[in-house]
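The values are calculated or read from the model by the stated rules, or taken from the named source; none is laboratory data. Everything quoted here is computed from the prediction, not taken from an experiment. For neighbour counting, all protein chains shown are included, and Cβ atoms are generated from backbone atoms with ideal geometry for every residue, glycine included. We work out accessible area using only protein heavy atoms, side chains counted, and drop any ligands, DNA or RNA first. Shrake-Rupley method; radii C 1.70, N 1.55, O 1.52, S 1.80 Å.
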Amino acid sequence: MNRKKILIVDDEPNIVMSLEYTFKKKDFDVYIARDGEEAIEILKSKIPDVILLDIMMPNVDGYQTLQYIRENSTTKNIKVIFLTAKNKALDIEKGFTMGVDKYITKPFSIKKIVAEINELMTS
């Protein structure tokens, strides 16, 4: 069986560390990017099953990264979850309009993220 692959894109080291630890324990291959620019570079050579994507990051933000993912033929079908502090209805609506699969706001529960990813991967 192929190992599942996840790309975690967030500029907050504590969030990255806890998510990386969780998904490595669940036998995922974990890729890490600190901003959208790094994420796009990783996506040129690796195709994860799911991407956890923050919105507010330096250089290239989550909206720009999602736009790149959805416009690129090799990445357009990757499941993307926004994981962000932006919790206003307009932010959530914008995320779904741009093509995000799930929207989770910070602070978050690791259990909820794992459940959402499992649901996405079986749907």
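Can you say whether residue 94 is within 15 Å of the chain's Cα centre (by Cα), open to solvent by 50 Å² or more (accessible area, probe 1.4 Å) and modelled with pLDDT of 95 or more, as far as the supplied structure shows?
On the way: within 15 Å of the chain's Cα centre (by Cα): no; open to solvent by 50 Å² or more (accessible area, probe 1.4 Å): yes; modelled with pLDDT of 95 or more: yes.
For residue 94, the condition - within 15 Å of the chain's Cα centre (by Cα), open to solvent by 50 Å² or more (accessible area, probe 1.4 Å) and modelled with pLDDT of 95 or more - is not met.
Within segment 1-24, take every residue that is of a type outside the set (S, T, N, Q) and more than 23 Å from residue 105 (Cα to Cα) and give me the one that is surrounded by the most Cβ atoms within 10 Å (Cβ to Cβ).
So in segment 1-24, the residues of a type outside the set (S, T, N, Q) come out as 1, 3-13, 15-17, 19-21, 23-24.
Now drop any that are not more than 23 Å from residue 105 (Cα to Cα), which leaves 1, 3-4.
On the way: 1: 4, 3: 10, 4: 17.
Only one residue tops the list, namely 4.
Is segment 65-82 home to any residue that is within 19 Å of residue 15 (Cβ to Cβ), part of a helix (DSSP H, G or I) and open to solvent by less than 20 Å² (accessible area, probe 1.4 Å)?
yes
Scan (1) at pLDDT 95 or above; (2) over 15 Å from residue 65 (Cα atoms); (3) open to solvent by 50 Å² or more (accessible area, probe 1.4 Å) for the single condition residue 38 breaks and write down its number.
Every listed condition holds for residue 38 apart from (2).
Got a sec? Which of 56, 121 is part of a loop (DSSP other than H, G, I, E, B) and either touching a residue at least 60 places away in the same chain (Cβ under 8 Å) or not β-branched (Val, Ile, Thr) (or both)? Outline the logic, then answer.
Details: 121 fails: part of a loop (DSSP other than H, G, I, E, B).
Of the residues listed, the single one that is part of a loop (DSSP other than H, G, I, E, B) and either touching a residue at least 60 places away in the same chain (Cβ under 8 Å) or not β-branched (Val, Ile, Thr) (or both) is 56.
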